[in-house]
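K.L.:
The structure under discussion is supplied below as structure tokens; questions concerning it will follow.
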Amino acid sequence: MHSNNVPKLVIEGNGPLKGSVVASGAKNAVLPILAATILASEPVTLHNVPKLQDVIVLTDLLKDLGAKVEINENTVVIDPTSINKIRASHDLVKLMRASILVLGPLVSKFGEAEVSLPGGCAIGSRPVDQHLKGLEALSANIELKNGYVYASTTDKTRLKGNHFTFDMITVTGAENIIMAAVLSEGQTILENTAQEPEVVDLCEMLVKLGAKIQGIGTARLVIDGVDKLSGGEHTIMPDRIEVGTYLVAGAMTYGDVTVNQCNPIHQEATIEALLETGCGVEVGDDFVRVYPKATKLKAIDIKTQPYPKFATDMQAQFMALATVAEGKSTIIETIFENRFMHANELSRMGANIRIEDHMAIITGIEKLSGAEVSATDLRASAALILAGLVAEGTTIMDQIFHLDRGYDGIEKKLTSLGAKIKRI
Ligand code: EPU
């Protein structure tokens, strides 16, 4: 049965966006950093924490474990010293896959952990074998039973450092093993480690608390285990995917948009793709500006790959752009097997998209038309908003809980740039 009370987003095509915005703290950095507070032996203060549903889920999980959590606007103080539970139940994990991030910290700090196995999700099957293999390499015993991972050390002693090479680049997998290794006995060497900026932000936070990590930002980390971590303070990095989303919004509407207080280095692959569309890009120390240079955007060819290459989390937004660019674009998705669900919704707005395995072939059309669409996942919801901004007529998007998981105040920010977008 349909309820009329479910919130929806109404988007009207309203011409070029103009002005400047600032992105919030990064979702994919704050989640591992919140989990890392489990390792501390004193309170940790985090600044620039975005207001997101996923942050609420993870702080609820920390509270459920016994931590004290105080949230005051964008500052969150976590006191992990009262943690008295090592079980993350299915009720909480099912709300957010990233809850698996408490596994490494719990087993490292307490010698045991029980975490519900996250299932597959809308964008793919998403196994966690690397998380488990890495913990086993650090001497944890792993058992899978009744849908839970049971990880423990013999006699609840510390984990033991080791040499471990990831079979593939995994972001949260790397984060779990880094968090486990910082309190392990001896040295851990991690190879083929994810180099995403969010992994770097986590490492920098851990170092502030006393962790010894060398090679931060490279694929090879050398971690010398310490007995304990102190408390401390950390400011969460700006959300590079949010930054990229606003840049695409500027480009698609032939507007002039500057995103301030960001790290342009994180935007290199996005900027390269934007330049390929023919728009102008200006880069400063801490801002990126996009502005129109041609009367028509050009087709693009992109392929998602681990950082510093083109991010899978920007793929849907560029697909939205490609639907109205001149010519034939191709997008190859190599990270997740099922991350093209936005294509169907964009097609309902008139887009011409053909999917062949891991490739989407998009033939640009003159104009999309507003439609009722459903957000199928977080980045799909961003893509549909972008499409709505340039469509003829009104677009109404439901399932917007996906949006609230990862975009802090996107309607407000886009409205400040001149978009016509409201929640009903
Ligand atoms: N994989 C395995 N085994 C593992 C781990 C990963 O086979 O043990 C595979 C995955 O199935 C996938 C690939 O490796 O095909 C990469 O997955 P990864 O582990 O890197 O993804 P993740 O850590 O689960 C994070 C972000 C995602 C982002 C991906 C890729 C967080 C909380 N999530 O997921 O963010 O798309 O990295 O960059 O950091 C989003 O924000 O919308 C989002 C989905």
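The values are calculated or read from the model by the stated rules, or taken from the named source; none is laboratory data. What you are looking at is a predicted structure, and each value in this text was computed from that prediction instead of being measured. Using ideal geometry, Cβ is built from the backbone for each residue, glycine included, and neighbour counts are taken over all protein chains shown. Accessible surface is based on the protein model in full, side chains and every heavy atom, while ligands, DNA and RNA are left aside. Shrake-Rupley method; radii C 1.70, N 1.55, O 1.52, S 1.80 Å.
K.L.:
Can you check what the net charge comes to around E268, using other residues whose Cβ is under 11 Å from the Cβ of E268 (Lys, Arg +1; Asp, Glu -1)?
P.N.:
So the surrounding residues net to +1.
K.L.:
Related question: Would you mind working out the magnitude of the charge dipole of the chain relative to its Cα centre, with +1 at each Lys and Arg C-beta and -1 at each Asp and Glu C-beta, to the nearest 20 Debye?
P.N.:
Its charge dipole is roughly 480 debye.
K.L.:
Can you compute the modelled spin-label distance between I396 and K63, with each label point 7 Å from Cα toward Cβ, in nm?
P.N.:
Going from the I396 label point to the K63 one covers 3.4 nm.
K.L.:
Relative to the present Cα-Cα distance, how much length would full extension add between K156 and R354 at 0.36 nm per residue of separation?
P.N.:
Full-extension gain reported as 65.9 nm.
K.L.:
Given labels modelled 7 Å from the Cα in the Cβ direction, how far is it in nm from T295 to N74?
P.N.:
The modelled label-to-label distance comes out at 4.1 nm.
K.L.:
When only Cα pairs under 8 Å and 6 or more residues apart are kept, what is the percent relative contact order across segment 26-103?
P.N.:
Reported relative contact order: 34 percent.
K.L.:
Based on Cα coordinates alone, diagonalise the gyration tensor for segment 150-242, multiply each eigenvalue by 5, take square roots, and list the semi-axes in whole Å, largest first.
P.N.:
After diagonalising the Cα gyration tensor, the semi-axes are 21, 17, 12 Å.
K.L.:
Less than 9 Å Cβ to Cβ from S184, Lys/Arg counted +1 and Asp/Glu -1: what total charge do the surrounding residues give?
P.N.:
Here the charged neighbours net out to +1.
K.L.:
In square nanometres, what is the average projected area of the Cα convex hull of segment 66-144?
P.N.:
Orientation-averaged projected area of the Cα hull: 6.5 nm².
K.L.:
A follow-up question, please. When all C-alpha to C-alpha distances in segment 1-124 are sorted into bins of 5 Å, what percent of pairs does each bin hold, rounded to whole numbers?
P.N.:
2, 10, 18, 19, 16, 12, 9, 7, 5, 3, 1, 0
K.L.:
Provide the descending list of Cα extents for segment 98-211 along its principal axes, expressed in whole angstroms.
P.N.:
Here the Cα extents, ordered largest to smallest, are 37, 36, 23 Å.
K.L.:
Let me ask something else about it. With a 1.4 Å probe and every protein chain kept in, tell me what percent of the accessible surface of segment 172-318 is carbon plus sulfur.
P.N.:
In segment 172-318, the share of accessible area belonging to carbon and sulfur is 47 percent.
K.L.:
Sticking with this one: Select from I236, L183, L368 the residue farthest towards the positive end of the dipole of the chain; place +1 on Cβ of Lys and Arg, -1 on Cβ of Asp and Glu, and compute about the Cα centre.
P.N.:
Of the options given, the answer is L368.
K.L.:
Please work out the average accessible area per residue across the chain, using the 1.4 Å probe convention, and give it in Å².
P.N.:
With all protein chains present, the chain gives 40 Å² per residue.
K.L.:
Across 5 Å bins from the origin, how do the percents of Cα pairs in segment 368-410 run, short distances first?
P.N.:
Percent of Cα pairs in each bin: 6, 27, 32, 22, 11, 2.
K.L.:
Considering only DSSP beta bridges whose two residues both sit in the chain, what percent are antiparallel, to the nearest 5?
P.N.:
Expressed as a percentage, antiparallel bridges in the chain total about 70.
K.L.:
Return the FRET efficiency for the residue pair Q187, K85: r is the Cβ-Cβ distance, R0 is 51 Å, and the value is rounded to the nearest 0.05.
P.N.:
Step by step, r from the Cβ atoms, then E = 0.95.
K.L.:
For segment 294-345, what does the alpha-carbon gyration tensor say about shape, rounded, prolate or oblate, given a ≥ b ≥ c as the root eigenvalues, a/c under 1.5 as rounded, and a/b over b/c as prolate?
P.N.:
Here segment 294-345 falls in the oblate category.
K.L.:
Whole percent per 10 Å bin, from 0 to the bin with the longest distance: what is P(r) over all C-alpha pairs of segment 186-327?
P.N.:
11, 35, 27, 17, 9, 2, 0
K.L.:
Here's a follow-up. When the gyration tensor of the chain is built from Cα positions, what are the square roots of 5 times its three eigenvalues, in whole Å, from largest to smallest?
P.N.:
The three semi-axes for the chain are 38, 21, 20 Å.
K.L.:
Remind me, relative contact order of the chain in percent, using alpha carbon pairs under 8 angstrom and six or more residues apart?
P.N.:
20
K.L.:
Same structure, new question: So for segment 107-225: antiparallel DSSP bridges make up what percent, rounded to the nearest 5?
P.N.:
Here the share of antiparallel DSSP bridges comes out near 80 percent.
K.L.:
Right, another one. Can you tally the net charge around D256? Count Lys and Arg as +1, Asp and Glu as -1, for every other residue whose Cβ sits under 12 Å from the Cβ of D256.
P.N.:
Counting the neighbours of D256, the net charge comes to +2.
K.L.:
Kindly state, to the nearest 0.05, the FRET efficiency for I332 paired with S369, given R0 = 35 Å and r defined as their beta-carbon distance.
P.N.:
0.80
K.L.:
Exceeding 22 Å between C-alpha atoms, which entries from my cross-link table qualify? They are K133/K160; K303/K328; K18/K309; K296/K367; K133/K156.
P.N.:
Violating the 22 Å Cα-Cα cut-off are K18/K309.
K.L.:
Between R220 and K303, take the C-beta separation as r, use R0 = 22 Å, and let me know the FRET efficiency to the nearest 0.05.
P.N.:
0.35
K.L.:
In whole percent, and with a 1.4 Å probe on the protein chains, what portion of the accessible area of segment 48-140 is carbon and sulfur?
P.N.:
So the carbon and sulfur contribution to the accessible surface is 49 percent.
K.L.:
Please report the antiparallel percentage of the DSSP beta bridges confined to segment 160-231, to the nearest 5.
P.N.:
About 65 percent, rounded to the nearest 5.
K.L.:
Could I ask something else about it? Starting from the coordinates of the alpha-carbon atoms of segment 261-409, obtain the Kirkwood hydrodynamic radius over all distinct pairs and give the value in Å to one decimal.
P.N.:
After inverting the mean inverse Cα-Cα distance, the result is 15.6 Å.
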